[in-house]
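Since every read-out is calculated from the coordinates, none of them should be taken as a lab result. The shown structure was predicted, so the numbers you read here are calculated from the model rather than taken from an experiment. Using ideal geometry, Cβ is built from the backbone for each residue, glycine included, and neighbour counts are taken over all protein chains shown.
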Amino acid sequence: MQDHGTGHDIQDPPLLHPLVYLEDGEGVTIGRVDTDSYAIFPPDGAQLVRWLADGATVAEAAERYRTVYGESADVEDVVAALDELGFLRAEGEAAVELAPVRWQRLGRALFSVPAWVCYAALVAWALVLVVRSPDLLPRSHDMVFSSYYSVVDVVLLVAVVPLIAVHEAFHALAARRLGVRSRISMSYRFYFLVVETALDGLVAVPRRRRYLPILAGMLADVLVLALLVIAADALRDPGGRPSLGEHVCLGVAFATFIRLLWQFFFYIRTDVYVLITTMLGCVDLHTAATRTLRNRANRLLRRPDRLIDETDWHPVDRRIARWYSWLILVGYSVSLCTTVFALAPVFLTMIVASFDRFGDGHTGVLRMLDACVFLLLTLTQFLLPIRIAVRDRARNRRVRAEHVVA
């Protein structure tokens, strides 16, 4: 006899891939490390999965469940769920053998005790320099170190992109030292273009061991800030006049500080958001919060047919989303106001000045070229997040259509 949902013979023990189990709070996280497929099961459901993984048939697992818990369980539904998660092996399919995680040794060295001592000394050195010379504290005007806007744009781009890679590498290596795989991708948050490191395997790691991989990127930013301040001090003109090298270092340092500060915009799922949700034991707080806002709007507009069912949400997500959803609304409003009243005027001034060069008959060739390059770079920075958003929406629609067809 076969289970028509999975195609497996329910009289034979289902074949499962190697799984990991983590008891955390009221649930048990079960998953496949090689595919980063994870799900939270209730303790009794996790015990069922363990019996099946140990070679019990559907009937045997059902009987054991009845004996231990005093009630019946639909084991065939559990097997179907396991199949949907990709936990089951087809007949004749070999169990996946996990390859060692690369860069694990480097990750351990990077977060060893000697490394932490070096990090502390580096930050302390930078703090002493700033106290002795307050002008080494990065400020916004340090970013405009040239009258050629395109030069500022290109230098910041060339400097900032590798530093973003360092931020993400610290995330990845902090996780890889625990044996957790990672992957880096480009995405967007609100109107921000972001690079993010996916560490799905952290859900199968004890909660107290997740904090360092989550905060490692911010640690990298602090270390970069310290190094740039030290470099700026080393490049100072002996005569006391500001040097170009000092200005460039402090300009990049200010951009790094803004990126570090941006992590506290937790409402757009930054590192601090991941830290908060991990500490609270949430599963997908952002989705629950945005859907809570949507339900509130639909209730206000008296559209009960558009309400989203909240019963399937994780209990912690549902409880916290009631107040966190208001923070999302406030946070997006603050970001929008900051853009309109703080960032936009600066960009508009530079854009208008660049266009004015085209109407000025006395503008030299270099100034004209500078204006063209600056406008092109500015346009790219605005269009790239839109392009990624359109791509992601098209991919999501395609996945939903394939799911409906299946």
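Observations on the model:
- In this calculation the C-beta distance from residue 293 to residue 365 is compared with R0 = 51 Å, giving a FRET efficiency of 0.45.
- Net lengthening on full extension, residue 91/residue 117 (0.36 nm per residue, minus Cα-Cα): 4.0 nm
- From the largest down, the chain spans 86, 58, 40 angstrom on the principal axes of its Cα atoms.
- Cα-centre dipole for the range 178-334 with unit charges at Cβ (Lys and Arg positive, Asp and Glu negative), debye to 20: 660 debye
- Radius ratio Rg over Rh of the range 27-83, counting only Cα atoms, Kirkwood formula for Rh: 0.97
- Think of the chain as a dipole: +1 on every Lys or Arg Cβ, -1 on every Asp or Glu Cβ, centred on the Cα centre; then among 90, 315, 251, 251 lies furthest on the positive end.
- Under-5 Å amide H pairs with residue 16, H placed in peptide plane, nonlocal only: 89
- Size check on the range 195-264: the Cα extents along the three principal axes, sorted descending, read 57, 18, 16 Å.
- Compactness of the range 80-177 as Cα Rg over 2.2 N^0.38 Å, two decimals: 1.84
- The range 284-290 - phi-based ³J(HN,Hα) in whole Hz, Karplus 6.51/-1.76/1.60, Gly and Pro as x: 8, 5, 4, 5, 4, 5, 5
- Residue 37 long-range amide H proximity, modeled H, under 5 Å: 32
- Surrounding net charge for residue 313, when Lys and Arg each add one and Asp and Glu each subtract one, Cβ distance under 10 Å: -2
- 10 Å Cβ shell holding at most 14 others, DSSP loop, trypsin sites (Lys or Arg not before Pro): longest site-free stretch of the chain: 140-301
- Lys, Arg +1 and Asp, Glu -1 on Cβ, resulting dipole of the chain about Cα centre, debye, nearest 20: 1560 debye
- Dimensionless Rg/Rh of the range 1-130 - Kirkwood Rh, Rg from C-alpha atoms: 1.25
- Ranking 149, 122, 282 by Cα position along the charge dipole of the chain, where only Lys, Arg, Asp and Glu carry charges on their C-beta atoms, puts 149 farthest toward the positive end.
- Reported to the nearest whole Å, the Cα centre-to-centre distance from the range 12-74 to the range 294-327 is 31.
- The amide H of residue 28, built 1.01 Å from its N in the peptide plane, has 41 as neighbours under 5 Å, considering only residues 5 or more places off or on other chains.
- Compactness relative to 2.2 N^0.38 Å, alpha carbon Rg of the range 128-281: 1.17
- Hydrodynamic radius of the range 63-118 per Kirkwood, over alpha carbon pairs, in Å: 16.1 Å
- Taking every alpha-carbon pair in the range 224-300 and binning the separations at 5 Å intervals from zero gives 3, 14, 15, 12, 10, 9, 8, 8, 7, 6, 4, 3, 1, 0 percent.
- Around the Cα centre of the range 98-193, unit charges on the Cβ atoms of Lys, Arg, Asp and Glu (plus for the first two, minus for the last two) sum to a dipole of about 660 debye.
- Paramagnetic label zone (point 7 Å from Cα along Cα-to-C-beta, residue 234; backbone N under 11 Å) in the range 155-174: none
- Separation in nanometres of the label points that stand 7 Å from Cα toward Cβ, at residue 183 and residue 166: 2.8 nm
- Sequence-ordered 3J(HN,Hα) estimates for the range 205-216 from the Karplus curve with 6.51, -1.76 and 1.60 and θ = phi - 60° stand at 10, x, 4, 5, 8, 7, 5, 5, x, 5, 8, 4 Hz, glycine and proline given as x.
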